[in-house]
Amino acid sequence: MQPRPVAVLVGGVSQLFQGDLDLGRLAVEQLAAEDLGHGVLVEDLHYGAVAVAQRLQEVQPAALVLVGAEQRGRSPGAVTRRHATASAANPQAAVADAVQGYVSIDLVVDVAAGLDALPERVVAVEVEPASTATSEELSAPARRGLVGALAVVRQEVQRSPVLLLATEIRAALADHALAPSPALRVTEQLLDELARLDRDGRWGRTFGLRDQLRSAIAAGMTGEGMTHLDWGLWWTLIEALDRLQRAEATA
């Protein structure tokens, strides 16, 4: 039997038993016990950054969500979601730094980038630690932050299929020129709105534009050059947004 493709890998990044820096491991312990949906893999990535990069090469997820505690000078327990990109001027140099054995979200990203193992879409969900002293327990602020971080990770996993699909549609539109049409115009607006959702976390006009696209397609207001792939992708996006709207309404 072929292994099922991994759409999203959720990885806990932590330093074992180092107080709040162990938060990533505790996060994935909870998430692994939940049903996060088809194609979602949850793993503890506390081991060295090079080994993590090798694991990413093996699994090849479409998206990577990293969760852990990182010191950024924020209020203790604060939760931040950000798109993670390589921060090292020379990612290959980060590979040499990784031999120290410790792991952090930045180091995982830099090393994976240096080894060409980083998925195109990487999101980091971080909690500001209050204590990094050796301990098996989280501080009170970190415990509160863990609850918030888990909620953000669940939401990120839930939204990832739609955002990955939007990226695929945008690439398809760039590859071949479709004749101008009301349906194409609305599709482009919808993709822009989804990009804002990804950046700011606000739905904005997303669902209204989805309904306009559905109506435009049903009325035949599409231009020449549409392929079966275009039809399939657009309808899949509409249906995925339908499911996501229902899921978030009941969350």
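Computed quantities for the displayed model
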read-out: Sulfur and carbon atoms: percent of accessible area, the chain [1.4 Å]; value: 52
read-out: Amide H contacts of A69 (H built 1.01 Å from N, under 5 Å, at least 5 apart or other chain); value: L23, G24, V127
read-out: Summed side-chain charge close to V123 - residues other than V123 whose Cβ falls under 15 Å, Lys, Arg +1, Asp, Glu -1; value: -1
read-out: Equivalent ellipsoid dimensions for the stretch 130-242 as semi-axes, Å, which come from the Cα gyration tensor, largest first; value: 40, 13, 11
read-out: Relative contact order computed over the chain (Cα-Cα under 8 Å; 6+ residues apart), in percent; value: 20
read-out: Where N is the number of residues in the chain, Cα Rg divided by 2.2 N^0.38 Å; value: 1.11
read-out: Square roots of 5 times each gyration tensor eigenvalue, C-alpha, the stretch 1-86, largest first, Å; value: 24, 14, 13
read-out: Per residue solvent-accessible surface (Å²) - the chain, probe of 1.4 Å; value: 49
read-out: Under Karplus coefficients 6.51, -1.76 and 1.60, residue-wise ³J(HN,Hα) of the stretch 38-55 in Hz, glycine/proline x; value: 5, x, 9, 10, 10, 9, 8, 10, 7, 7, x, 5, 5, 5, 5, 4, 5, 5
read-out: Nonlocal amide H pairs with Q18, under 5 Å, H built at 1.01 Å; value: S135
read-out: Largest to smallest accessible area among Y47, Y102 [probe 1.4 Å]; value: Y102, Y47
read-out: Karplus (6.51, -1.76, 1.60) ³J(HN,Hα), θ = phi - 60°, over the stretch 137-144, in Hz, Gly and Pro reported as x; value: 10, 7, 5, 4, x, 5, 5, 5
read-out: Backbone HN-Hα couplings from phi across the stretch 118-123 [Karplus 6.51/-1.76/1.60, Hz, Gly and Pro as x]; value: 7, x, 5, 10, 10, 10
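The values are calculated or read from the model by the stated rules, or taken from the named source; none is laboratory data. Worth saying up front: this structure is predicted, and the values here are computed from it rather than measured. No Cβ is skipped: glycine too gets one built from the backbone with ideal geometry, and neighbour counts run over all protein chains shown. These accessible areas exclude ligands, DNA and RNA; they are computed on the full protein's heavy atoms, side chains included. Shrake-Rupley method; radii C 1.70, N 1.55, O 1.52, S 1.80 Å.
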